[in-house]
Each structure stands twice: as structure tokens, then as C-alpha cells.
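Below is one structure, written out as C-alpha cells; the observations come after it.
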Amino acid sequence: MSSLKALWTNRDIRNRILFTLFAFLVYRLGCAITVPDVNTSGLVAGLSDNSLFQMMSLLGGGGLEQFSIFALGVTPYITASIIIQLLSMDVIPSLTELSKSGANGRKKLDSYTRYLAVVFAYVQSASLAYSFNNMYSGLFIGGLNPAKMFYIATIFTAGTMFLVWIGDQISTKGIGNGISMVIMAGIVGRMPQQFTSAWTTLGGSGSTKGLVMFGAYIVVYLLIIIFVTLINTAELKIPIQYTSSSMTLAQNSKMNYLPLKINSASVIPVIFASSLMMAPVQVASFFANGANWYTIMQNWLGLKTWYSLVVYVVLIILFTFFYAKMQINPEKVAENLGKSGAYIPSVRPGKTTEIYVDKALSRITVLGAFALAVIAVLPHLLPIFWPELPSSMALGGTGMIIVVGVAIETVKQVQGLVTQKSYKKYYD
């Protein structure tokens, strides 16, 4: 209760929370604004049969179903971030140098990411308009021509970059985690619709079997939430000792711990893997025109076959290791321990400490990667073995991974703000 009271009694924190809520309101309003000259009456029913478009709609907060100005969400920006980060891993020397150049280098990389996001947004928008025009007759009033396609692509691209800007504002003026908060807001906004759809599909008849199935649906959701929370909060505590000439290890009161999270990559691998699987299909749809190779690509990347789920698992595991190494650099950890006069008991400072931390991080990341992959894939497997289960179960599982992960990080951000303001008030 004291923490909740501190949130509203502190003016700065209260303003940050209110600003974030206002940004969410703008986002949800934008998701309801349909692009001009579009008839979306048959769009929602069609999207329910396409896992690719369902995933896009999930990350876009349901904007795709309304063909709204925020239909793409921040997916192009996420895809661009993946490409730039991969190219910065000793692929393009200039980008690698920028990644190691501190704040100025990261600022330039972020600019390149945004430019690439604009390109991806235009390509994705054009392919969406083209494929939707072929799939849903009468979607575009007066038909689709190059001028209208460019017009729609401009609106979608502007909407995506506006959401990126909203994310930046949440990071600086709100409670932090801007882009992740935008994605979470879209998923949470769709949850009532998902549960209503599940109730209609499973328990709407009022039969005992239907009620049991809907109850099982809720239990699976709760188990996912509990498991994700455990994985995101679990950590390995490596004891560290501060040097002292007058105290032994047992007597030293400066004993601390170096925490390594089991899932230090949080929700990023799931978002990256989903985006990377959607992007090729999205681009290919522009040139497919009903070709067999496009059907094969959908089978491999559409998350509806067992082999596409294997690809999904592999990508999640790879991105978990990739992002964990980005978040925690063993070399930097060993260097910082040495500068602060600390060491790990029974481990020599320097290179030996670096190797020790790297091995510990790799071991726990294996556990975190497989746990995250199981959580992400399980909801997709259930509809295959349980046909009556609505397709929203799969999306809901992926959405809950994102929501729980972002919620945990946001709580930590808010607690940090409260602590910071409390210290400032105390010393003032």
C-alpha cells in the first residue's frame, strides 16, 4: 500500500503514469481509425483463418482487422532492429564500430534503424494492400491502383513511425520501456475480444463439456502466466567479495552477489522470431500471385505445421543466446569487478573471471531459451491436438509471454523511480 501511495503522492511519478496512459489512449483511438476508401466488413472473418495475419494483428493491437492507420504496429521497426543488430555483429565493420562507440554510436545506429524501418514499412504496406486486394474482393472502394497503393503505404508508414515516436515519448516522459509498452498495450486491448471469442467457441452452448473446455482454456492461460513469471524472475546469484586486508572472507560484511537472470533476454526473442518469420512471407506475397512456392513458404513459416514450429523454436533459442550476450558482456563484467576491487571467491580476477561468467551465463541461458521456446510453442501445439480450441489460444499464449515480461520490467522501472525519488527527498 505504501508503494501505491508513493506512486500518486509523488508528482513526477504520477505525471509519468498519466502520460503513459494518455499515450495508450491515443494508440487505441488510432487503431479504430480506418484508412479512407476501405470496406472492412469481410476482413475480420478472413483474418481468423490466416496465422500470419493473426500474428500481425496481435502485434499491431488489432489495427489490421480494421485496416487502421496503425495496422502495422511497430513490426517494421522491430524487423529493422533485428537486421541492424545482426549486421553490427562483425558483419559490417562500420556498424560494428558504431555499436562500440558509446552513446553517439548507438544514436547513429538508431537513426539507421528508423530509416530501414521506413523502407520495410513501405514494402510491407504495399504487399499487404496487394495481397488483401486479391484475397478480399470489394475491400478497396473503386479498386486498387498504384496511386492508391502508394497512398495506403504512406498512411501505414506514417502510422508506424508515429507509434515509434510514441514509444520514445513513453521512454523519456513516461514510465519507460516505450516500444515494448506499445506492443503490450495492443495485446492487452485485444484480450477482452479473445476471451469473448473463446467463450463463444467453447462455452457459449452452456453444456457441461463446453464449460469444462472453457475452464481448461483459462487454466492454461494461468499456467502460462505463472511459468513466464517464474522464468523472468529466476536468477543465478554469483557471490562476489570486495578486497580487504583486515577482514577474512567469512568476516567481511561487504559480501554481495552478481545476479544473472535465467532469461536475461526477456520477451525480445519471441518478438524477434515472430517478426523474422512474418517478414519473408509478407514480402513474398507481393510477388506470389497464387504460386506453389508461396504456399510452401507459408507452410514453413506460418506456425501451423510441426516443421514451422521447429523453425520457430530454433529462432527463439538463437535469439535468446544472441540477446543475452548483448545484454551481459562477460568481458565488461570482469573488467568492472576489477575496477571496483571485487572478485568472485575461488576465481582469479581478469580472464579467468570472464571465462567463469561466460560459462555460467551460457548454462542458465540454455535453460531460459528452452523454457521460453516451450511457452511460445505450447499454445500453438494445443490447437493441433485439440481442434476445438480457438486459434486465439496460440496468439494469447504468445501475447502473455510479451505482456508478463513487459509488466515485470515495468514494475521494476516504477520501483526504481519510487526509490530514486525517495532518496532524493531524503537527502534534500
Given the pairs 237/359; 261/359; 237/261; 173/412; 108/325, which span a C-alpha to C-alpha distance of over 18 angstrom in this model?
-> 108/325
Residues whose built amide H sits under 5 Å from the amide H of residue 38, excluding neighbours closer than 5 in sequence, are 141
Sorted by chain and number, the residues with a modelled amide H under 5 Å from that of residue 238, at a separation of 5 or more or across chains, are 258, 260
Derived scalar couplings ³J(HN,Hα) [segment 300-317; Karplus, 6.51 cos²θ - 1.76 cosθ + 1.60; whole Hz; x for Gly, Pro] = 7, 10, x, 6, 10, 10, 5, 6, 5, 5, 5, 4, 4, 5, 4, 5, 4, 5
Given 306-317, 153-164, the highest-first ranking by average Cβ count within 10 Å works out to 153-164, 306-317
May I ask for the distance between the Cα centers of segment 289-327 and segment 343-378, given as a whole number of Å?
-> 25 Å
Using mean Cβ contacts within 10 Å as the protection proxy, how do 363-373, 181-191, 347-357 order, highest first?
-> 181-191, 363-373, 347-357
Karplus ³J(HN,Hα) for segment 174-180 (6.51 cos²θ - 1.76 cosθ + 1.60, θ = phi - 60°; Hz, whole; x = Gly/Pro) runs x, 9, x, 6, x, 4, 5
HN-Hα J in Hz across segment 338-343 - Karplus 6.51, -1.76, 1.60, θ = phi - 60°, x for Gly and Pro = x, 5, 8, x, 10, 8
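Computed from the coordinates by the stated procedures, all read-outs in this text should not be read as laboratory data. Only a predicted model underlies this, so the values are computations on that prediction, with no experimental measurement involved. Cβ sites come from the backbone with ideal geometry, for glycine too, and all protein chains shown count toward neighbours.
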